[in-house]
Amino acid sequence: MRAPARLAFVAAGLVFLTACSTHGSPYMFDPKGPEAHRITSVWWLMFTLAAVVYVVVAGFIFVAAFRGRRSETGKPSRITDNGFIVVGGIAVPFVILMVLAWATVDATNHVRRPEKNPLKIEVVGKRWWWSVEYPDQHFTTANEVHVPVGRPIELGLDAADVIHSFWVPQIGGKVDLIPGQHNVWRFKVDEPGTYRGQCAEYCGVQHAHMAFLVVAESPAAFDTWALRRENPPSGPTGQLEATGQMVFMRSPCAGCHTIRGTAATGTIGPDLTDVGSRKMLGAATVPNDEGHLAGWILDAQTIKPGALMPPISIEPRDLQALLAYLRSLK
Amino acid sequence: MAIADIAPLGVDEHELEEIWSDAPGIPGFFSTVDHKRIGMRYIYTAFFFFFVSGLMALVMRSQLSAPDNHVVSPYTFNQMFTMHGTTMIFLFNTPVLAGFANYLLPIELGTRDMAFPRLNAFSYWIFVLSGIFLYASFVVGKMPDGGWFGYTPYTSKVYNPGINLDFWGLGIVFVGISTTVGAVNFIVTSFKLRAPGMTINRIPIFVWAVLSMAFMILFAVPAVTLATALLELDRLFGTAFFVPHLGGSTLLYQHLFWFWGHPEVYILFVPATGMVSMIITVFSRRPLAGYIWVATALIAIAFISFGVWVHHMFATGMPIQAMSFFSAVSLIIAIPSGVQFFAWIATMWRGKVEFTTPMLFAMGFLLIFLLGGITGVMVAVLPFDWQVTDSYFVVAHFHYVLNGAVVFPIFGAIYFWYPKMVGRKLSERWGHISFWMMFIGFNVAFFPMHILGFLGMPRRVYTYPSGLGWDHLNLISAIGAVIFAVGTGITLVNWVHGRWWGPKAEDNPWDADSLEWSTTSPPPEYNFAAIPVVASRHPLWEQHPLPHAEALVDEEGPKSLSAEGALHHQNTETTGLDARPERALELPHPTYLPFVLALGLAVFFVGLLVKATIVGAFGVGMALVGLTWWAWRTDVDLS
């Protein structure tokens, strides 16, 4: 009885912990796309098999350990040594492994396949953020991947420096970004929503703060979003913003960042053409509000030690203008 | 064949001791070639690294016990997980098993020392010097931070310009020498130095496991040596093996690394299963079920382990057809483990189990490895691995295997063989307490990590934001880690206490079956005055009394089998399959040469590290002198 009891306890704990943890969590078995769906099905199949195997085998271990102690000589066994080994060690595992092999082939056959009329997106992993380019729409953004629901996506993956890995647990598995190699991840998202992703290959001191968001929206909403970025506003919207733009251009900012339609064409840091519209800053590290933006500009090192953005010293009045300008870039 | 019973041998033990013992004090320390002293030293040194590395794990768990925590900086955290993994694999798990193998092989096989005692000493010196080399990075405050796997280009000079990574890259090349020569020694010893009558189907299962390990080492370690050596060539001399824009390939590094890296898992796991087989046999009070099956499984694992490495690279974008093969092989390797598992169950089923501390650790191993093995099958499933690779699920999985299924047997082995090695017994009571704390702490620490992986937590992050459902599970894990650590600490105290105050151990305190229990506890320097003659897989259970080869000498065997051989400092070579005595071998006397050679190599590696040609050249010179002298001295030593 002990083994099943222990397992039931563990299983109950698992269900409980999972239940109270999944809310707001990038939980891989809360699938929002076909690939994650397939893998979730494989998982529950495996979990069922695993639970049965664990309970049965642990039961054998406990019975084996205690049965000999009940009497002085131990009860004679009806099962031979070789019977145990051939049935338990070879035959049964073989059948289970065949089931898993079938599940593997079945699942892999149905995911990551080329489809007609894909939306092409090129993602470049850099230390420690993501450049996101829409080549057919001719614009680039960062740390936010917007996709239309239901449309096949062809996501090109490259690395600018070291190896990174692109992972959105609710949408699918990982694909690495490897210098000198162009990988492609083909996937779809079924449900509108914002899904957190994170770099899954250790890439240096700020590997922990290299997250991003996948924003899945209706095709119409996506088109609006993309069109806006294809045709960014031509200039600052007001006096303060205009001052802010001047501050941006003469400060170190422009050396590393691009704002399309201006003289700023740096490529070391993220493209800021639509920075005001993004939900988060610093590769999904802190929320994109005025306070965090100011903190980030003045001393990104406190938020993200080792990030390539140096502390910027800036007059308070200039900072105010700069903030207004950046937040107006939508 | 006429066989004499164990009887007074007519040899003066003091005389034997004079012939065999090392010089006292420091000279003896540096010149010993006794496999038992070397084996113990291996174990002590490895455990030193185990506890250091375990403390780093505690720091990491406390950093992760709460979101946005500031116990250590990201730099320190990254250095710690690098050193934790590197230490556990290269400086604890591999060498501690080599230590047990070193100590046990000759006494379990019934011989007076390893096949190459000086090589054995050399192997230890390389191990300890490479450990010092790696930890020198700690002393100068420049610990490597490239992860235990050291993926390039992050570990290239461009992205990691400091000396930190060179400590790691050169250290791995350096320690590989130790592992390789050790493996050669194990193989030759197992095949050529068995007691008369110990035919190939009577070899103790632990020795089969060590053989399997040694063959894997021979074929796998060159790959990691190559990977790290090429990496260092890139770093130190500007070559471009792994530099993509100059025509190199970063994936080549991964292939080389994992071609060693996966067999390495089995290099660690297989000897641990050998220990478990020995312990379960003894405490089930019956022969191991399916001996032939288990031995075959051990050899099968050694072969199949070389066909699974790509499952560490399922996310690198290789063609699915290519990956499917490795997915299939990674599933298949579960079969030999299943065979072993059910052999253990069958042994207990038809035996009468005694719950001593070693047996508790073996049972804990069974329950933990069962889960670790199941999750191991899961990660072989290609699409599932896309999700869980490099997530905390994998951290959970390999700790169930490398900590649960390797460290638990090692702790069991300590409790099991300690009386033989030290001549004193450990406290059973504190052993039980230690086991339960380790078992509970282990599961509390590592089980939640499976779920953390499902919740999307990647590996190797120094912190995480709150609100993702990761907070509580990480806190639980930290609590478990502390319980586990206290459990290991209790064993350490038990160990130290037993060394001086433990009750004296009999020759065969567990009523065990294999030859090491026939000699005294601790064994004399020469192990056996006269070599025992084996006629069974379980000589101490089935041969009463255990005969020795005194009489065999007159008929067919060389004199070295008898106590007279011990007086002449000899060993006996036997045939590979049926262990018929062939000829006497002269055993080398204590010598400083292994230490000199190892030190020379260490100086050479330091020269490479600090890029000082003169130092490097001096090291090479020293090593060459040592090597030449060694070759020269062969005759002198052996005559």
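The values are calculated or read from the model by the stated rules, or taken from the named source; none is laboratory data. All figures in this text were calculated on a predicted structure; none of them were measured in a lab. All Cβ positions, even for glycine, are placed from backbone atoms using ideal geometry, and neighbour counts span all protein chains on display. Keep in mind that these areas ignore ligands, DNA and RNA; they rest on the heavy atoms of the full protein, side chains included. Shrake-Rupley method; radii C 1.70, N 1.55, O 1.52, S 1.80 Å.
Before moving on, here are some points about what is shown:
- Mean Cα-pair separation over length for chain B, i.e. relative contact order, pairs under 8 Å, 6 or more apart, %: 20
- Here the calculated FRET efficiency for A:Ala242 and A:Asp190, from their Cβ-Cβ distance with R0 = 41 Å, stands at 0.40, rounded to the nearest 0.05.
- In a simple Cβ point-charge model (Lys, Arg +1; Asp, Glu -1; nothing else charged), the range B:13-142 has a dipole of about 600 debye relative to its Cα centre.
- Using 0.36 nm per residue and subtracting the Cα-Cα separation, the extra length available between A:Gln137 and A:Thr48 on full extension is 27.5 nm.
- With contacts taken as Cα pairs under 8 Å and at least 6 residues apart, the range B:65-219 reaches a relative contact order of 33 percent.
- Alpha carbon convex hull of the protein assembly as shown, projected area averaged over orientations, nm²: 40.4
- Look at the dipole of the protein assembly as shown built from charges on Cβ: of B:Asn93, B:Phe604, B:Thr574, the Cα furthest out on the positive end belongs to B:Asn93.
- Surface accessible to a 1.4 Å probe, per residue, for the residues of the range A:119-230, Å²: 26
- Charged-residue dipole, Cβ positions (Lys, Arg, Asp, Glu), the protein assembly as shown about Cα centre, Debye nearest 20: 1840
- Taking label positions 7 Å along the Cα-Cβ direction at both B:Ile132 and B:Ala23, the computed distance is 1.9 nm, reported to one decimal.
- Rough spin-label spacing in nm, given labels placed 7 Å along Cα→Cβ, for A:Glu230 and A:Arg151: 1.0
- If you sort the three axes of the alpha carbon gyration tensor as a ≥ b ≥ c, you get a/c of 1.5 or more for the range B:485-618 and a/b no higher than b/c, which makes it oblate.
- Between A and B, roughly 7500 Å² of accessible area is buried in total, ligands, DNA and RNA not counted and the probe set to 1.4 Å.
- A Förster radius of 56 Å, combined with the Cβ-Cβ distance separating A:Cys256 from B:Leu55, puts the computed FRET efficiency at roughly 0.90.
- Average Cα contact separation per residue, the range B:411-484, under 8 Å, 6 or more apart, as relative contact order %: 41
- In the protein assembly as shown, taking the dipole from charged Cβ atoms about the Cα centre, the farthest positive-side position among A:Ala200, A:Pro219, B:Gly238 is held by A:Pro219.
- Between B:Ala272, A:Trp128, A:Asn82, the Cα set farthest toward the positive side of the dipole of the protein assembly as shown (charges on each charged residue's Cβ, about the Cα centre) is that of A:Trp128.
- Pairwise FRET efficiency - A:Lys279 versus B:Ser62, Cβ, R0 = 41 Å, nearest 0.05: 0.85
- Prolate/oblate/rounded call for the range A:131-187, Cα gyration tensor, a/c under 1.5 rounded: oblate
- Rounded is the label for the range A:239-327, because a/c, from the alpha-carbon gyration tensor with a ≥ b ≥ c as root eigenvalues, stays below 1.5.
- Diagonalising the gyration tensor over the Cα atoms of the range B:110-220 and scaling each eigenvalue by 5 before taking the square root yields semi-axes of 37, 15, 9 Å, largest first.
- Applying both filters, DSSP loop and at most 10 other Cβ atoms within 10 Å, to the GluC sites (Glu not before Pro) of the range A:153-252 eliminates every site.
- Restricting the range B:522-584 to trypsin sites (Lys or Arg not before Pro) in coil, as DSSP defines it, with at most 15 other Cβ within 10 Å: none
- 3J(HN,Hα) along the range B:165-182, derived from phi through the Karplus expression 6.51 cos²θ - 1.76 cosθ + 1.60 where θ = phi - 60°, amounts to 5, 5, 4, 6, x, 5, x, 5, 4, 4, 5, x, 4, 4, 4, 5, 5, x Hz, with x in place of Gly and Pro.
- Computed label-point distance, nm, for sites B:His245 and B:Arg499 using a 7 Å Cα→Cβ extension: 5.5
- For the cross-link pairs A:Lys120/A:Lys330; A:Lys120/A:Lys304; A:Lys188/A:Lys279; B:Lys192/B:Lys504; A:Lys126/B:Lys611; A:Lys116/A:Lys279, the ones whose C-alpha atoms lie over 25 Å apart are A:Lys120/A:Lys304; B:Lys192/B:Lys504; A:Lys126/B:Lys611; A:Lys116/A:Lys279.
- Think of each Lys and Arg Cβ as +1 and each Asp and Glu Cβ as -1; about the Cα centre, that makes the dipole of the range A:119-230 roughly 140 debye.
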